[in-house]
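Read-outs: derived from the displayed coordinates by stated rules, not from any lab. Values in this document were obtained by computation on a predicted structure and should not be read as measured data. For neighbour counting, all protein chains shown are included, and Cβ atoms are generated from backbone atoms with ideal geometry for every residue, glycine included.
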Amino acid sequence: MSPTEGRAIITGGAGFIGSHVLDRLASTGWYVKVIDNFSTGSFENLKSHRGNPKINVKKMDLKEVTKKDVEGFEVVFHYAANPEVRVSTINPEIHFKENIVATFRLLEALRRSDVKEIIFASSSSVYGEPDKIPIDEGAPLRPVSVYGASKVACENLIHAYSKLYGIKAVILRYANVVGPRLRHGVIWDFVNKLKKNSRELEILGDGKQVRSYVYIDDAVEATMIAWKKGNGHFEVYNVASEDWITVDDVADEVARAMGLRGVRKVYRPMLHGVGWPGDVKRIALRIDKLKALGFKPRYNSREAVRLTAGALFGQGSRSAKGNRA
């Protein structure tokens, strides 16, 4: 696959990860079509590409995608999805429609066209609550949220289409990807809570939940490496940093990035210390398979959180250069 002057589609390209993938492809001369319904994506994430004749933005519901919408492209980066895990507890049909049905419609469009490659944004949530961490790609898929279950379903659909119709697929099981433009998740939540009340921070759960955080620049680099260097017809890769921290650690780093001291933490734990139904206590990923292709994350979990909190609070910048701890 040539790194320049190709033609790609990014579904959900106005979203957090999708817009950063767009930046990377655009920087190497690709013609890119963004398909997004803008329910969670933002035109603000695309502002640096205004006036670029190689960037085409199409506002549409992916559940209505057709052969005509994808013809003439080499590869699809599929990032369109509802990203809120907690939504699936309240309204699981959202994840069924926006994740599973949308993916099926996209695969049908690919089947009927000449597009023979898909890069899919899956999630560490497919593993559910593992017996031990970190876990590799061969671990059982036992999701405990409808969001996680929807990602497993999408992976299985993609596998079937790969085998039946010759579509090459790369599945990326991302840990918690963080960085500029992030608009959901614990860091976003903490920053906004502390903006409203800098003396007290509500934490959903007991604060001991364990997570791996990967900075967006590392996540995009991992994506490019898996896409270009993976040699299988259907490959699955974990994408993460090589360590993990607790939610308490995240709270500390956010407060530090905002210049706050003595913040009182108020915990709201459910059974087993999690924050909401579908939340898991501990999850972290092994990335040996991706490292074998040459990937090495530049930032650990704590650095990724710190940089993100600084950016969201208005003290960071697009690039993390010079900000290493």
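Mind checking the full-extension length gain between Met224 and Ser27? Use 0.36 nm per residue of separation minus the Cα-Cα distance, one decimal, nm. Spell out each step's value before the answer.
Working: separation 197, 0.36 × 197 = 70.92 nm, distance 1.28 nm.
Residue separation times 0.36 nm, minus the Cα-Cα distance, leaves 69.6 nm.
Please give the calculated 222 nm ellipticity per residue for the chain, where each DSSP H segment of at least 4 residues contributes -39500 (n - 2.57) and the sum is spread over every residue; nearest 500 deg cm²/dmol? Please list the in-between numbers first.
Numbers: 11 runs with 107 residues, N = 325.
For the chain, the value works out to -9500 deg cm²/dmol.
Which percentage, to the nearest 5, of the DSSP beta bridges contained in the chain is antiparallel?
On the way: 3 of 43 bridges.
Taking every DSSP beta bridge within the chain, about 5 percent pair in antiparallel fashion.
When Rg is the radius of gyration of the Cα atoms in the chain and Rh is its Kirkwood radius, what does Rg/Rh come to?
Numbers: Rg = 19.1 Å, Rh = 20.0 Å.
So for the chain, dividing Rg by the Kirkwood Rh gives 0.95.
Looking at this model, which pairs from Lys33/Lys163; Lys67/Lys291; Lys208/Lys296 are more than 29 angstrom apart at the alpha-carbon?
Values: Lys33/Lys163 26 Å; Lys67/Lys291 36 Å; Lys208/Lys296 27 Å.
As for pairs spanning more than 29 Å Cα to Cα, those are Lys67/Lys291.
Report the gain in length on full extension from Trp276 to Lys163: 0.36 nm times residue separation, minus Cα-Cα distance, nm rounded to one decimal. All intermediate terms of the calculation are to be shown ahead of the outcome.
On the way: separation 113, 0.36 × 113 = 40.68 nm, distance 3.71 nm.
Gain on stretching Trp276 to Lys163: 37.0 nm.
Just order 239-252, 292-305 by mean Cβ neighbour count inside 10 Å, highest at the front, would you? Please list the in-between numbers first.
Numbers: 239-252: 21.4, 292-305: 19.5.
Ranked by mean Cβ neighbours within 10 Å, highest first: 239-252, 292-305.
Measure off 7 Å from each Cα along the Cα-to-Cβ vector at Val101 and Lys116, then give the distance between these two points in nanometres to one decimal.
3.2 nm
How do 123-133, 9-19, 205-215 rank on mean C-beta neighbours within 10 Å, highest first?
Working: 123-133: 18.8, 9-19: 26.8, 205-215: 22.3.
Peptide ranking by packing, descending: 9-19, 205-215, 123-133.
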